[in-house]
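One structure is given below, encoded as structure tokens.
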Amino acid sequence: MTITIAASGDAATAVETVVPQLVSDLVASGITAQNPTLWGPDAEEESAKRLGWTEAVVVSTPLLDEIDALREELAAKGVDHVVLAGMGGSSLAPEVITRTYGVELTVLDATEPGQVLTALHDRLERTVLVVSSKSGSTVETASQRKTFEKAFRDAGIDPVERIVVVTDPGSPLDGQAREAGYRVFNADPAIGGRYSALSAFGLVPSGLAGADIRELLAEADAVTVELSQDSADNPGLVLGAVLAGTSPLRDKIAIVADGTHIIGFPDWAEQLIAESTGKQGRGLLPVVLGTDAPEISLGLHDVQVVRLVANAAETREVAPGEVEISGSLGGQIMVWEYAVAVAGRLLDINPFDQPDVESAKVATRALLDDRPAPTPPAFTAEGVEVREVGGVELGDSLESAVSSLLSALTDDGYLSIQAYADRVAYPQLEELRDVLAARTKRPVTFGWGPRFLHSTGQYHKGGPANGVFLQITQTASTDLEIPESPFTFGQLVQAQAAGDATVLADHGRPVLRLTVDDVAGALPALLAAVR
């Protein structure tokens, strides 16, 4: 299946005016040739070691037989339940791959104790844990690994038979895993985390879960020649122009799954776009929307709607000002990766670094080291503790606190809802997004913590300073110890939430923090307050 893109309005104008210059500048062939100078001298050092994804199909094909053999080996032992411990690109790509292929994968990209316990107690005797970390030092992934190691041992299972590691060669995890005797798959270090969907990070957990990763790579391979050509029809150049070539720039990219067979793709694209472009006060904010989301019909001046459809522009007219794109999963992954690299050039930023991600990690580590007493709430209303972290006049009610936060929202701004809660148990929290979008008539994003810290978290600090932040945290009813660690999962997730809120406030971003014990019980009060 080829990639088809149809655009109208400002997006069509961007394609007409920007793509010819990209062709003249030999951008497509330059990316394929891994030319690090395309993003300017300041980006050259990082770009020189982050363009391996253009060869992902060739590099990853030798892994397929090894993955197949391991899957058969595990199946022969009755091990058929795959749990993935990973964050950011290490989890988002396998999630969209396995959901699209209709196979089961438990994605554990959380530190909320209830969500960890749910994964821990689900068919442990039939479970293989895939531990994925590019750096090999991710605190969430390390904590999950230690917890499963203990659980396996307590159940009389040798962890060596049940833990598979994916990491860069020479990382701390690489050395630890080999010393422990674990099965290790090394990824290409020249592929950055958010560009790693077609590397070992995407393929190992997906293949072990039963996804047809050979077909996936074949789909990607089918578009590589087209993506390498300096042509006006190159879908990577066309989509790059759509994303970052409108004038004035429509910097909120509303991504809508509307008839595509690919499940969950906007969540993967969200990380790729936000972490790649949100820096130096510039960037593109991806907004994941349903087909009936309020933002689509509001005609907002800074929103570009991109629909993922079954057949772009073949079965219906493209709505005014919108874009439609269709194609295979493997093809879409490659096209969006090229397009975001192109968008980085158009925005004059380095799409391969993430300078502001580390700040929240530093704040979290400081809180875990010191473990200060929790800041008392300003007040508690209807089971919700209310705290102001940055620039919000709370008033004396939940409604007044929310109204105060929203009053800081500008005509070019956005609202970010950040839920540090069990996303498996409480998906209904996402109902808040549409309600607030209808009220504010501005783009509203929703992120589950701490996973969004590895994606949109970069944009929140490094992108345009026009976001306001509603943070919802859950006080765990049951905590969980982390073996060999001085803190628990409950302490970790609270430190991550508090640390990120503090960093946002330090950047001058308004933050309202709401804490609940009973998420389901507090939801009616939250919905009433935001309405």
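Read-outs: derived from the displayed coordinates by stated rules, not from any lab. Just so it is clear, the structure is predicted and the values come from calculations on it, not from any experiment. FYI the Cβ positions are ideal-geometry reconstructions off the backbone, even for glycines, and counts take in every protein chain you see.
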As a test of the formula, what do you get for the chain when each DSSP H run with n ≥ 4 contributes -39,500 (n - 2.57) and the sum is divided by the residue count, at 222 nm and rounded to the nearest 500 deg cm²/dmol?
-13500 deg cm²/dmol
Suppose the chain between residue 24 and residue 104 were pulled fully straight at 0.36 nm per residue; how much longer would it get relative to their current alpha carbon spacing?
24.3 nm
Over 18 Å between alpha carbons, listed pairs 77/150; 361/461; 49/252; 252/441; 49/134
77/150; 49/252
Dipole-positive endmost among 456, 53, 19 within the chain (Cβ charges, Cα centre):
456
Highest average packing first - 238-245, 269-276, 111-118, 411-418, Cβ atoms within 10 Å
238-245, 269-276, 111-118, 411-418
Assuming 0.36 nm per residue, please report the length gained on full extension of the stretch residue 399 to residue 180 beyond their Cα-Cα distance.
73.5 nm
The chain - charge dipole about Cα centre, Lys and Arg +1 at Cβ, Asp and Glu -1, debye rounded to 20:
540 debye
Where a ≥ b ≥ c are root eigenvalues of the Cα gyration tensor, a/c under 1.5 meaning rounded, otherwise prolate if a/b exceeds b/c and oblate otherwise, the range 413-519 counts as oblate
Could you give each residue of the range 515-531 its phi-based ³J(HN,Hα) in whole Hz, using Karplus coefficients 6.51, -1.76, 1.60 with θ = phi - 60°, and x for Gly or Pro?
10, 10, 8, 10, 4, 4, x, 7, 4, x, 5, 5, 5, 5, 5, 7, 6
Taking Lys and Arg as +1 and Asp and Glu as -1, residues besides residue 394 with C-beta under 9 Å from its C-beta add up to -2
The range 415-434 versus the range 106-132: alpha-carbon centroid distance in Å:
20 Å
Sort 216-229, 357-370 for me by packing, meaning the mean count of neighbouring Cβ atoms within 10 Å per residue, highest on top.
216-229, 357-370
Counting DSSP beta bridges with both partners in the chain, what percentage is antiparallel, nearest 5?
25 percent
Going Cα to Cα from residue 279, which aspartates and glutamates come in below 12 Å? Please leave out same-chain ones fewer than 8 positions away.
348, 353, 356
Can you work out D for the chain in µm² s⁻¹ from Stokes-Einstein, where Rh is the Kirkwood radius over C-alpha pairs, the temperature is 25 °C and the viscosity is 0.890 mPa s?
105 µm²/s
Euclidean distance between Cα centres, the range 497-519 to the range 201-215, Å:
37 Å
If you take the beta carbon distance between residue 261 and residue 431 as r and set R0 to 35 Å, what does 1/(1 + (r/R0)^6) give as a FRET efficiency, to the nearest 0.05?
0.85
Given axes a ≥ b ≥ c from the Cα gyration tensor, I'd like to know whether the range 61-216 is rounded (a/c under 1.5), prolate (a/b larger than b/c) or oblate.
rounded
For residue 424 and residue 153, FRET efficiency with R0 = 25 Å and r from the beta-carbon atoms, rounded to 0.05?
0.50
